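The values are calculated or read from the model by the stated rules, or taken from the named source; none is laboratory data. The structure presented is a predicted model; accordingly, all values stated were derived computationally and were not measured. Cβ atoms come from the backbone with ideal geometry, glycine included; neighbour counts cover every protein chain shown. Accessible surface areas use protein heavy atoms only, side chains included; no ligands, DNA or RNA. Shrake-Rupley method; radii C 1.70, N 1.55, O 1.52, S 1.80 Å.
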Amino acid sequence: MQIKKTVITPQKENFPQWYHDVVKNAELAENSDVRGCGIVRPYGYKIWELIKKELSQKIEDTGVENVYFPIFVPIENLEIEKEHVKGFSPELAVVTHAGGEKLVNQLAVRPTSETAMYKTYAKWIQSYKDLPLRLNQWNNVVRWEKRPRPFLRWSEFLWQEGHTAFADKEGAINEVWQMIGVYEDIYKYLALPVFKGRKSELEKFAGAVMTTTVEVMAKDGKAIQGGTSHYLGTNFSKVFDVSYLGEDGKKHLCHQNSWGLSWRSIGALIMAHGDDNGLRLPPNIAPIQIVIVPIYKDENKKQVIDYANKIIAGIKGFRVKLDDREEHTPGYKFNDWEVKGVPIRIEIGAREVENDELTVFRRDLNKKEKMKSKKFIDSLKKLTEDIHANLYNQARDFAGNHIHEIESIDEIKDQVGFFAASWSETKESEKILKERYSMVSRLLSVDNENKKPKNKKCFITGNEAKHDWLFAKSY
């Protein structure tokens, strides 16, 4: 049986093509018959399920409850909040016909659910005793993409979106930072460091007063927005009458938030950890944490397979697979599992059986070592923790080494990474940056929120700077 060799474009040669090669060859996803939409294969979907499981628990631990609202949103609901619909209008998918008839009232396929949920919130919330109302839903949304990219920018994607209402601004703001902290924690679970902070006025969510974000640096230096948490103020409560009767007997508008994280996190995982051989997955979210590849001849096949099964029986609490495919050579299997990013590969041949040992390959280091079987099993928990820590440290060091401090817009060259600069924070100056370099602000770090800028002058205009921000091209 002839097997087509896996070909992955080197990262430095063409990073976007490398990404597509990895998604395809690791069997994560593929294109569908609908332009801009993808088919997520079992291996890729399992990664999302493992992320979702951990994130769902973290969200529920904060006291948030799950709910589900319909995928369709009446167009008139969207048009009520003009800033919101303006922000999403280029991406809207609209249903004009259904049941064989033209609809009198057209429906949008939800791009997000603020306008789908808040009319109902207005009915559910009557008194201060009904607050806070803190709900989350796991669903799909549609934002019609002109330049789709697997996981990062498909027209349809899966995510969670939280929508909450509070009696006061302080309670709402506290939750905004609490939830962006949850997203920071979930990326730590993926062995990924993030930059956490606030978005600019130009880059904030449509209809929000403030948007907070966690950003991941890909290995080509571009930013990936990993998750956002928005303080909506009373912008939506005004138009949807989300209000309550206070203890003072008066009517008050609710302060609202929304926050979400999608399977863009898988794209970040690939782009920040992957290498020229494919994926490198942290054990937490690896569909297969340990793969065992037996190497045998006809005369010793039974002994090798029996020994492999004995090792599997001794491994408790880990996702383990025995690759006993007859049609593939050991070399093919090694390559296959490296592309798929399996954290630990065990090779077992006649010599390993004879010496009661294992040849252990670590994908994070791309190195092999011999280990006695008992030592391996006894130290497995620590080994997986070491792999996680190593991947995290590698990503942290890469990001830290690719921050370029500049004082003038003219210093922006083709360096890989983010640019740190003192900025006046005006929309006009950010538009100049976008026009010249296809670059925008990524965030004002929480560490710089209360600090004076390093330079008094804005790096774009020369006017007075307010804070030090991070800038980058992005996906």
Point to revise | In the stretch 1-99, the chymotrypsin sites (Phe, Trp or Tyr not before Pro) that fall in loop regions by DSSP, at most 11 other Cβ within 10 Å | key: Tyr68
Study note, to complete from the structure: Charge tally for neighbours of Ala308 with beta carbon under 12 Å away, counting Lys, Arg as +1 and Asp, Glu as -1, is -1
Check your understanding: Any idea how far the Cα center of the stretch 60-81 sits from the one of the stretch 93-156, in Å?
Key -> 6 Å
Review point. Based on the alpha-carbon gyration tensor of the stretch 376-441, what equivalent-ellipsoid semi-axes (square roots of 5 times the eigenvalues) come out, in whole Å, largest first?
Key: 40, 11, 9
Point to revise | Values of log10 I(q)/I(0), in the order q = 0.15 Å⁻¹, for the stretch 326-475 under a Debye, Cα-only, solvent-free model | key: -0.80
Review point. When only Cα pairs under 8 Å and 6 or more residues apart are kept, what is the percent relative contact order across the chain?
Key: 14 percent
Study note, to complete from the structure: Taking Lys and Arg as +1 and Asp and Glu as -1, residues besides Arg442 with C-beta under 9 Å from its C-beta add up to -1
Revision key, fill the gap. Distance in Å, no decimals, from the C-alpha centre of the stretch 274-305 to the one of the stretch 7-59 is 20 Å
Check your understanding: Suppose every K and R has +1 on its Cβ and every D and E has -1 on its Cβ; what is the size of the dipole of the chain about the Cα centre, in Debye to the nearest 20?
Key -> 440 debye
Review point. When the accessible area of the stretch 164-220 is computed with all protein chains present and a 1.4 Å probe, what percentage of it is carbon and sulfur?
Key: 48 percent
**Study point:** Test item: Cα-centred dipole of the stretch 336-468, Lys/Arg +1 and Asp/Glu -1 on Cβ, debye
**Key:** 180 debye
Review point. In the stretch 5-48, which GluC sites (Glu not before Pro) are in a loop and have at most 13 other Cβ atoms within 10 Å, using DSSP for the loop call?
Key: Glu13
Exercise for review: Show me 436-447, 408-419 ranked by packing, highest mean number of other Cβ atoms within 10 Å first.
Suggested key: 436-447, 408-419
Revision key, fill the gap. Beyond 18 Å (Cα-Cα) in this structure, taken from Lys82/Lys199; Lys123/Lys238; Lys427/Lys457; Lys53/Lys321, we find Lys82/Lys199; Lys53/Lys321
Review point. What number, in nm² with one decimal, is the all-direction average of the projected area of the convex hull of the alpha-carbon atoms of the stretch 66-207?
Key: 10.9 nm²
Check your understanding: Which value in Å does the Kirkwood hydrodynamic radius of the stretch 1-114 take, with 1/r averaged over all unlike C-alpha pairs and then inverted?
Key -> 18.4 Å
Review point. Once the principal axes of the Cα atoms of the chain are found, what is the range along each, listed largest first in whole angstroms?
Key: 84, 56, 46
**Study point:** Calculated P(r) tail over 21 Å for the stretch 199-286, as whole % of Cα pairs
**Key:** 50 percent
Review point. If you take the alpha carbon radius of gyration of the stretch 63-105 and divide it by 2.2 N^0.38 Å, what ratio comes out, to two decimals?
Key: 1.48
**Study point:** For the stretch 408-475, alpha-carbon Rg over 2.2 N^0.38 Å
**Key:** 1.02
Practice item. Enter the accessible area per residue of the stretch 120-253 (Å², integer; probe 1.4 Å; all protein chains in place). Key: 38 Å²
Check your understanding: Rg and Dmax of the stretch 166-249, Cα atoms, in Å?
Key -> 15.6, 57
Check your understanding: What whole number of Å gives the distance from the Cα centroid of the stretch 379-433 to the Cα centroid of the stretch 210-232?
Key -> 12 Å
Exercise for review: Run through the DSSP bridge list for the stretch 301-442 and note the antiparallel percent, rounded to the nearest 5.
Suggested key: 75 percent
Exercise for review: Would you mind checking the radius of gyration and Dmax of the stretch 251-354 based on alpha-carbon positions, in Å?
Suggested key: 20.3, 84
